[in-house]
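Below is a structure I'd like to ask you about.
The values are calculated or read from the model by the stated rules, or taken from the named source; none is laboratory data. Here the structure is a predicted model, which means the values were calculated and not measured. When the accessible area is computed, the model is the full protein with side chains, heavy atoms only, and any ligands, DNA or RNA have been set aside. Shrake-Rupley method; radii C 1.70, N 1.55, O 1.52, S 1.80 Å.
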Amino acid sequence: MPWINCQQGALAERVGSQLRLATALRDARVRDLAPRTQGLSPAALDAVPAIVDEARKVQNLSSVTDDGPPADARPCP
C-alpha cells in the first residue's frame with residue numbers, strides 16, 4: 001500500500017516542519033522579527049526572506065525552504 005507510506009511521509013514532513021519552527025521560535029531575536037513586519041507592504045514582506053537568504057549565504061549556511069515539500073517531491077496518489 002504505497003499510499004500509506006506516502007501519507008506517513010507527508011505527516012513526518014509536517015511534524016518536522018513544526019519542530020523546525022518551534023526550534024527557531026525559542027530564540028527571542030527570531031520572535032522579535034514578526035511584530036516588526038506588521039504594516040509593511042506586500043512587496044516589503046516579500047523582500048524579508050530574500051534578505052535572510054542573502055545573510056545565510058554570507059555566513060555559508062545552507063538554504064532554508066518554506067514549509068512545503070521539496071521541489072522534487074511527488075504528490076500522494
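Restricting to region 45-60, name every residue that is more than 17 Å from Ala34 (Cα to Cα) and open to solvent by 70 Å² or more (accessible area, probe 1.4 Å). Outline the logic, then answer.
Keep residues of region 45-60 that are more than 17 Å from Ala34 (Cα to Cα), which gives 54-60.
Of everything in region 45-60, those that are more than 17 Å from Ala34 (Cα to Cα) and open to solvent by 70 Å² or more (accessible area, probe 1.4 Å) turn out to be Glu54, Lys57, Val58, Gln59, Asn60.
Considering region 18-44 alone, what residues qualify as being open to solvent by 70 Å² or more (accessible area, probe 1.4 Å), of a type outside the set (Lys, Arg) and not in a helix (DSSP H, G or I)?
The answer is Gln38, Gly39, Leu40.
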